[in-house]
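Novice: Structure in C-alpha cells, see below.
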Amino acid sequence: MELTVRAPAKINLHLGVGAPREDGYHPLLTVYQAVGLYDDLTARSAPEWALGAALPDWMPADAVPLAGENIVDRAADLLAAHHGIVRTGEVHITKSIPVAGGMAGGSADAAAALVALDRLWQVGTSDDDLLALAAQLGSDVPFALLGGTALGTGRGEVVDPVDDRGTWWWVVVPSDRGLSTPEVYRHFDRMFPDAPSEPVPADALLRAIAEGDAWALADSLHNDLEAAAIDLRPELGDLIEAGEDAGALRGIVSGSGPTCVFLCGSADQARSLAAELSGTGHPVVLAANGPVAGAHLVSYA
Ligand code: C5P
C-alpha cells in the first residue's frame with residue numbers, strides 16, 4: 001500500500017501572547033489560518049522504518065533532520081505506542097513550507113504523518129485521539145490536522161473553527177536563516193517582563209473575517225511576537241515597510257518569524273507584489289491563498 005497526505009502551512013492572523021505559565025509555555029489566544037503552501041508525505045508499506053526527504057533548491061540542505069530526530073519519527077513512535085505496535089514503513093517528505101520560519105512546517109509534517117500512518121497501519125484512530133496525540137507533538141500540530149481558520153487557546157493546542165467568509169491572498173517571504181521559536185519567546189519575555197497573564201483578544205479580527213472585509217482584516221492583524229522577532233532581525237522591519245510601500249494592505253511577521261506575510265486585495269495584486277519583492281534581493285517569494293484544508297489524503301494505491 002502507498003498513500004500521500006498533504007498538510008498546509010499556517011499563518012497567525014492574531015497572536016496574543018501572555019506571561020509564561022508555570023510549565024514555561026505561554027498562554028495564547030491566536031487565530032490560525034491554513035494557507036496553500038504544502039508539505040506532502042508519502043508512506044509505503046515496508047518491513048522496516050525509513051524516513052527520507054526532498055527539499056526545494058532554495059531550502060538549506062540540512063534543514064530537515066533525518067537521523068532519527070525528525071518530528072515525523074516522533075509522530076510514528078507516538079501513534080505506534082498508542083496502539084501497542086512497532087512502527088514500520090518507508091516515509092518520504094516533499095518539503096515546500098519554509099523551515100524554522102514561523103509557518104509550522106514541522107507541525108504540518110507531524111500532522112501528515114499521523115493521518116498517513118493511521119491509514120497505512122489500518123489502526124482506525126479516533127479524531128479525538130489523533131488531536132490528543134497531535135497536541136503531544138507540538139502546540140500547533142492539532143491545527144495542522146484541522147486546517148481552515150481556527151481560534152487557538154491554551155498553549156495553541158486547543159483549536160476551534162471560526163467563521164471565515166473570505167478568500168484571502170497572501171505573499172509569503174521566507175528568510176534564508178531560520179529563527180528558533182523558543183529563542184523568540186525568550187526574547188519576548190526579556191522585552192515585556194510585565195506582560196499580562198491574559199493574552200489580548202481578537203474580537204475585531206474575528207468580525208473582519210466573518211464579514212470577509214479585507215481592509216478591516218488588514219487593520220486588525222496582530223502579532224505580539226513581532227517586536228521580538230524584529231529586534232532579533234531588524235531587516236524584517238524594512239521588509240514589511242517595503243511590502244506595504246509596494247501596495248500590500250498590510251505586512252506582518254508570521255508567528256515567531258522570520259517569514260513575513262503580506263495581505264493583498266486580490267490574486268492579481270499578490271502576483272504582482274510577489275514579482276516586485278522578488279526583484280529586491282529576496283530570492284524566494286511565494287503567493288498563497290487561505291483558508292485551505294488541514295492534513296488530507298491526496299493519493300492512495
Ligand atoms: O509546542 P512546541 O514544541 O511547538 O513549542 C516549541 C517551543 O516554543 C516551546 O518549547 C516553548 O519554548 C515555545 N512556546 C511557548 N509557548 C507556546 C508555544 C510554544 O513558550 N504557547
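The values are calculated or read from the model by the stated rules, or taken from the named source; none is laboratory data. Since the structure is predicted, the reported quantities are computational estimates derived from the model, not experimental observations. Backbone-built Cβ (ideal geometry, glycine too); neighbour counts: all protein chains shown. Just so you know, the surface numbers come from the protein's heavy atoms only, side chains and all, with ligands and any DNA or RNA stripped out. Shrake-Rupley method; radii C 1.70, N 1.55, O 1.52, S 1.80 Å.
Novice: What percent of all Cα-Cα pairs in region 1-126 falls in each 5 Å bin, counting up from 0?
Specialist: Going from the shortest bin to the longest, the percentages are 2, 11, 18, 21, 17, 15, 11, 5, 1, 0.
Novice: Using only Cα atoms, what Kirkwood radius does region 208-301 have, in angstroms?
Specialist: Numbers: mean 1/r = 0.0685 Å⁻¹.
In region 208-301 this quantity evaluates to 14.6 Å.
Novice: Could you do me a favour and compute the accessible area per residue for region 182-286, 1.4 Å probe, result in Å²? If you can, show how the numbers build up before the last one.
Specialist: Values: 4940 Å² over 105 residues.
On a per-residue basis, region 182-286 sits at 47 Å².
Novice: In a Gaussian network model over the chain where Cα atoms closer than 10 Å are linked, find which of His26, His187, His82 has the largest mean-square fluctuation.
Specialist: His82
Novice: To continue, here is another question. Let me check I've understood the local charge: for Ala19, count other residues with C-beta under 12 angstrom from its C-beta, Lys and Arg +1, Asp and Glu -1. What total comes out?
Specialist: -4
Novice: Continuing with the same structure: Probe of 1.4 angstrom, ligands and nucleic acids ignored: what's the accessible area per residue over region 1-149, in square angstrom? Don't jump to the answer; show the numbers that get you there.
Specialist: Working: 5620 Å² over 149 residues.
With the other protein chains kept in place, region 1-149 gives 38 Å² per residue.
Novice: Which of the helices in the chain, when you take each full DSSP H run, stretch at least 20 Å along the axis at their Cα atoms and have an average Kyte-Doolittle score of -0.5 or higher?
Specialist: Sorted by number, the helices that extend far enough and score high enough are 105-120.
Novice: So which trypsin sites (Lys or Arg not before Pro) in region 134-177 pass both tests, a DSSP loop state and at most 11 other Cβ atoms within 10 Å of the Cβ?
Specialist: When the trypsin sites (Lys or Arg not before Pro) of region 134-177 are filtered for loop state and at most 11 Cβ neighbours within 10 Å, Arg165, Arg177 remain.
Novice: Anyone know which of Ala76, Ala50, Ala134 comes out most mobile in the 10 Å Cα GNM of the chain?
Specialist: Maximum among the listed residues: Ala50.
Novice: Which of the three applies to region 126-188, rounded, prolate or oblate, going by the alpha-carbon gyration tensor with a ≥ b ≥ c and a/c under 1.5 meaning rounded?
Specialist: Oblate, since a/c reaches 1.5 and b/c is not below a/b.
Novice: For a quick check: with amide H placed at 1.01 Å from N, whose amide H comes under 5 Å from Ala287's, ignoring anything fewer than 5 positions away on the same chain?
Specialist: Val172
Novice: Check each of the chymotrypsin sites (Phe, Trp or Tyr not before Pro) in region 11-101 and keep only those in coil by DSSP with at most 16 other C-beta atoms within 10 angstrom; list them in order.
Specialist: Tyr25, Trp58
Novice: Using the Cα centre as the reference, give the magnitude of the dipole from point charges on the C-beta atoms of region 216-296 (Lys, Arg: +1; Asp, Glu: -1; all else neutral), rounded to the nearest 20 debye.
Specialist: Approximately 320 debye in magnitude.
Novice: Just to confirm a number: summing +1 for Lys and Arg and -1 for Asp and Glu over residues other than Arg177 whose beta-carbon lies under 13 angstrom from that of Arg177, what do you get?
Specialist: Neighbour charge sum, excluding Arg177 itself: -3.
Novice: On alpha carbon coordinates alone, what is the Rg over Rh value for the chain, Rh being the Kirkwood radius?
Specialist: Rg/Rh for the chain comes to 0.96.
Novice: Summing +1 for each Lys or Arg and -1 for each Asp or Glu, what net charge is found among the other residues whose Cβ lies under 15 Å from the Cβ of Tyr38?
Specialist: 0
Novice: Still on this model: Using θ = phi - 60° and the Karplus relation 6.51 cos²θ - 1.76 cosθ + 1.60, list the HN-Hα couplings for region 11-16 in order, rounded to whole Hz, with x at every Gly or Pro.
Specialist: Working through the residues one at a time gives 10, 10, 6, 9, 9, x Hz.
Novice: Accessible area of the chain with a 1.4 Å probe: how many percent of it is carbon plus sulfur? Write out the running numbers ahead of the final one.
Specialist: Details: 6370 of 12800 Å².
Answer for the chain: carbon and sulfur cover 50 percent of the accessible area.
Novice: Could I ask something else about it? Just check region 125-274 against the gyration tensor rule for me: Cα atoms, a ≥ b ≥ c as the square roots of the eigenvalues, rounded for a/c under 1.5, and otherwise prolate or oblate depending on whether a/b exceeds b/c. List each step's numbers first, then the result.
Specialist: Numbers: a/c = 1.62, a/b = 1.15, b/c = 1.40.
Note, shape of region 125-274 comes out oblate.
Novice: Is it possible to state the helix-based mean residue ellipticity at 222 nm for the chain, with each DSSP H run of 4+ residues giving -39500 (n - 2.57), the sum divided by total residues, to the nearest 500 deg cm²/dmol? What is it?
Specialist: Numbers: 10 runs with 103 residues, N = 301.
Estimated from H runs of four or more residues: -10000 deg cm²/dmol.
Novice: Once all Cα-Cα distances of region 79-128 are split into 10 Å bins that start at 0, what whole-number percent is in each one?
Specialist: With 10 Å bins starting at 0, P(r) equals 22, 47, 26, 4.
Novice: Over its Cα atoms, what ratio of radius of gyration to 2.2 N^0.38 Å does region 165-237 give?
Specialist: Relative to the rule-of-thumb radius for its length, region 165-237 sits at 1.32.
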